[in-house]
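Asks: Below is the structure I would like to discuss, written out as structure tokens.
The values are calculated or read from the model by the stated rules, or taken from the named source; none is laboratory data. Values in this document were obtained by computation on a predicted structure and should not be read as measured data. Here Cβ is always computed from backbone atoms with ideal geometry, including for glycine, and neighbour counts include all displayed protein chains.
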Amino acid sequence: MSYGILFSLNSNAWAHRKKILLSTIEWNAHTHTLEVTHRFHLHDAEVALSQLGKLDKPDLTPLRARANLALHTYEQFKISTLEHDPLELDIIGVEIDGSYVFVYEEIALKQPPQGLIVENEILHDVYLDQINTVNIAISDHVKTLTFIAGDNPKKVLA
């Protein structure tokens with residue numbers, strides 16, 4: 001004899017959106033720059049900066065708030081050459097587009113790097129379940145790195 005148990009669960013209880021940040025590193029042969037774009041979910045970025053005390057309220061529409069996000073990103077995302085020489089990224093700007101916010105950075109280089117060492121701790125200081133994905137397009141192939149809280153820097157060849 002078997003007994004079946006039927007559970008009725010509200011589907012909203014399981015509808016938790018994962019905290020995922022997507023960063024891309026691309027070589028621009030026309031401008032000889034390594035361009036970096038970080039795409040945040042707007043709500044995640046606003047709440048995180050507010051919890052860190054970098055915003056008075058969770059709102060990235062003021063220019064100063066977006067500047068704080070850019071500076072926080074600059075502090076938490078580092079790249080270096082395979083020889084461990086840091087590549088100091090310049091902050092280009094921040095843009096809100098719908099439910100996302102984008103932070104743009106770049107560095108001028110004479111030639112594309114042969115590889116990179118990437119460190120990505122963005123929002124790990126607030127969200128322990130934060131997943132940071134980095135797509136690297138320096139050559140013809142896209143390489144992907146994934147970072148969770150506590151990860152060490154990772155090496156990728158072009």
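Asks: Read through the list (1) touching a Pro at 6+ places or on another chain (Cβ under 8 Å); (2) within 27 Å of Val47 (Cβ to Cβ), then give the number of the only condition that Leu82 fails.
Replies: (2)
Asks: Taking the stretch 82-96, which residues are over 19 Å from Phe147 (Cβ atoms) and under 16 Å from the mean Cα position of the chain (by Cα)?
Replies: So in the stretch 82-96, the residues over 19 Å from Phe147 (Cβ atoms) come out as 83, 85, 88, 90-96.
Those that are over 19 Å from Phe147 (Cβ atoms) and under 16 Å from the mean Cα position of the chain (by Cα): Asp90, Ile91, Ile92, Gly93, Val94, Glu95, Ile96.
Asks: Identify all residues within the stretch 110-148 that are among the acidic types (Asp, Glu) and within 10 Å of the chain's Cα centre (by Cα); write none if there are none. Lay out the reasoning, then the answer.
Replies: Narrowing the stretch 110-148 to residues among the acidic types (Asp, Glu): 119, 121, 125, 129, 140.
Passing the criteria: only Glu121.
Asks: Could I ask something else about it? Among the numbered criteria (1) more than 24 Å from Leu157 (Cβ to Cβ); (2) outside any helix (DSSP H, G or I); (3) modelled with pLDDT of 95 or more; (4) in contact with a Ser or Thr (Cβ under 9 Å, 6 or more places away or on another chain), which single criterion is violated by His43?
Replies: That leaves (2) as the condition not met.
Asks: Shifting gears a bit: Asp85 - would you say it is among the acidic types (Asp, Glu) and either loosely packed, with under 13 Cβ neighbours inside 10 Å or modelled with pLDDT under 95 (or both)?
Replies: Numbers: among the acidic types (Asp, Glu): yes; either loosely packed, with under 13 Cβ neighbours inside 10 Å or modelled with pLDDT under 95 (or both): yes.
Here the answer is yes, as Asp85 does meet what is asked.
Asks: Now a separate question. Restricting to the stretch 106-143, name every residue that is polar (S, T, N, Q) and under 24 Å from Ala70 (Cβ atoms).
Replies: Initial filter on the stretch 106-143 (polar (S, T, N, Q)): 111, 114, 120, 130, 132-133, 135, 139.
The answer is Asn120, Gln130, Asn132, Thr133, Asn135.
Asks: If we only count strands (runs of 3 or more DSSP E) wholly inside the stretch 49-133, which ones have 3 or more residues that are of a type outside the set (Val, Ile, Thr) and under 20 Å from Lys19 (Cα atoms)?
Replies: Numbers: elements: 77-80, 90-97, 100-108, 115-120.
Strands (runs of 3 or more DSSP E) meeting the threshold: 100-108.
Asks: Pairs needed: first member in the stretch 121-142, at pLDDT below 95; second member anywhere, of a type in the set (Ser, Thr, Tyr) and loosely packed, with under 14 Cβ neighbours inside 10 Å; C-beta distance under 8 Å; at least 6 residues apart or different chains.
Replies: none
Asks: Another one. Filter the stretch 146-155 for residues that are touching an Asp or Glu at 6+ places or on another chain (Cβ under 9 Å) and not in a loop (DSSP other than H, G, I, E, B) and give the result.
Replies: Phe147, Lys154
Asks: Across the stretch 100-141, what is the total count of residues that are over 18 Å from Lys78 (Cβ atoms) and either buried (at least 20 other Cβ atoms within 10 Å of the Cβ) or in contact with an Asp or Glu (Cβ under 9 Å, 6 or more places away or on another chain) (or both)?
Replies: Result for the stretch 100-141: 5.
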